[in-house]
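Read-outs: derived from the displayed coordinates by stated rules, not from any lab. All values derive from a computational prediction rather than experimental measurement. Neighbour counts are summed over all protein chains in view; Cβ atoms, including those assigned to glycine, are modelled from backbone coordinates with ideal geometry.
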Amino acid sequence: MSTAPVAAKADPKAAKKAAAPAKAEKAAKPAKTPAAKAEAKKPVAKKAAPAVKRSAHVEGRLAQVLIAPIISEKATMAAEKHNQVLFKVLRDATKPEIKAAVELMFKVDVESVQTVQHKGKSKRFGKSIGRRDHVKKAYVSLAAGQELNFSGEGA
């Protein structure tokens, strides 16, 4: 009669250890060279998650991106000199969104978009101190031969 089944019934973990292969492979590790040790200490670079690319902008969002055109002396000079139009836009609007919104609303070709973050000034109103709103402006460069007419004539 064999003693293995009796030992297995008494201590199942001991039976598993006896059945496990010998750990002689761990003891026979090759010695690491200094270069291999330095290589092992280097941090592993994590792969960046792929950027989510949106194929099309949501039209409801594009309708809200442009707040108002800016009609000023500086805007008129930019229009005459560089064929640019200035818009007041949402503060979290991106350049591709601004470009898509102008092309959608005005049916023109946009070459480029430059944006400016204008910080609001602190002002006093009597005894209390207030602050004007922060504003984001967009300089939209139109393609050659394109123009926008805000006066309402010839629409």
- Note on the structure: Exposure proxy check on S128, S141: fewest-to-most Cβ neighbours within 10 Å is S128, S141
- Task: Using every Cα-Cα pair within the range 59-142, state what percent have a distance larger than 17 Å.
- Result: 50
- Note on the structure: With a 24 Å threshold on alpha-carbon distance, the violating pairs from K74/K136; K74/K119; K88/K127; K107/K137 are K88/K127
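Note the full-extension length gain between T94 and A79 as 0.36 nm times their separation in residues minus their Cα-Cα distance, in nm to one decimal.
3.2 nm
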